[in-house]
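The values are calculated or read from the model by the stated rules, or taken from the named source; none is laboratory data. In this text, all values refer to a predicted model and were calculated from it rather than measured experimentally. Note that each Cβ is placed from the backbone with ideal geometry, even for glycine, and that neighbours are counted across all protein chains shown.
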Amino acid sequence: MENEFDFRSIKTINDACEKTGTDFEAFMAMIEPLPEHIQALCALTIIIKAINDGWQNPLDGDTWVYFPWVWVYDDEGRDRIEKEEPARMDLIRFTRPDGSCGLASAASSDAWSYSSATVGSRLACKTRELALYVATEFKGLLASWLLPMDDCRIIERYCR
């Protein structure tokens, strides 16, 4: 019987590169000149590819997909949440196959016509469990991708 892949074995960018057959050194050299938020997105993309173990989003409108997500707070908000609701500090989930979720959403219905715009993500996971794992295990990379970070070189924390 073939050994089943354990997605929890992916803990670093190096692990993801090894799983996907990507040369780690070449990958890191390729992303090194890019802005840090783009480096984080590249790293997350290869991590998601590894964790999905060959699965690709069919983009058929019928398949539920799951996206890793984190809540981001300033220092004051984070301290308050840690005291009042510590479980909220760890992870977040959300998903919809119809495009009504993702990185951004805008809608207008206070006019004669209705319009909507959404932005999705290439970071689709095949299961909720996988998305939750990415959101907790790689939350620093997610934050680096989404926000301007004072803490430069966060990507180095996810390398061996």
Discussion item. Condition first: without any contact (Cβ under 8 Å) to a residue 12 or more places away in the chain and either under 12 Å from residue 141 (Cβ atoms) or not in a helix (DSSP H, G or I) (or both). Now tell me which residues in the range 28-37 satisfy that.
Written reply: 32, 33, 34, 35
Worksheet item: Counting only residues that are modelled with pLDDT under 85 and within 17 Å of the chain's Cα centre (by Cα), which one in the range 30-72 is nearest to residue 7 (Cα to Cα)?
Response: 69
Discussion item. I'd like to verify a number: residues in the range 8-24 that are touching a Cys at 6+ places or on another chain (Cβ under 9 Å) and either under 19 Å from residue 67 (Cβ atoms) or not aromatic (Phe, Trp, Tyr) (or both), how many?
Written reply: 4
Discussion item. Looking only at the range 38-59, filter to residues that are part of a loop (DSSP other than H, G, I, E, B), in contact (Cβ under 8 Å) with a residue 12 or more places away in the chain and of a type outside the set (A, V, I, L, M, F, W, C); which one of those is farthest from residue 136 (Cα to Cα)?
Written reply: 57
Fill in: residue 15 being of a type outside the set (Val, Ile, Thr), assigned to a helix (DSSP H, G or I) and out of contact with any Phe, Trp or Tyr (no Cβ under 9 Å at 6 or more places or on another chain)
yes
Worksheet item: If you check every pair at least six apart or on different chains, which have Cβ atoms under 8 Å apart with a residue in the range 1-16 that is surrounded by 11 or more Cβ atoms within 10 Å (Cβ to Cβ) first and a residue that is at pLDDT 95 or above and assigned to a loop (DSSP other than H, G, I, E, B) second?
Response: 5/53; 7/53; 16/10; 16/22
Worksheet item: What number goes with the only condition from (1) out of contact with any helix residue (DSSP H, G or I) (no Cβ under 8 Å at 6 or more places or on another chain); (2) more than 17 Å from residue 133 (Cβ to Cβ) that residue 27 does not pass?
Response: (1)
Discussion item. Within the range 119-133, does at least one residue satisfy the condition of being of a type in the set (Val, Ile, Thr) and either in contact with an Asp or Glu (Cβ under 8 Å, 6 or more places away or on another chain) or modelled with pLDDT under 60 (or both)?
Written reply: yes
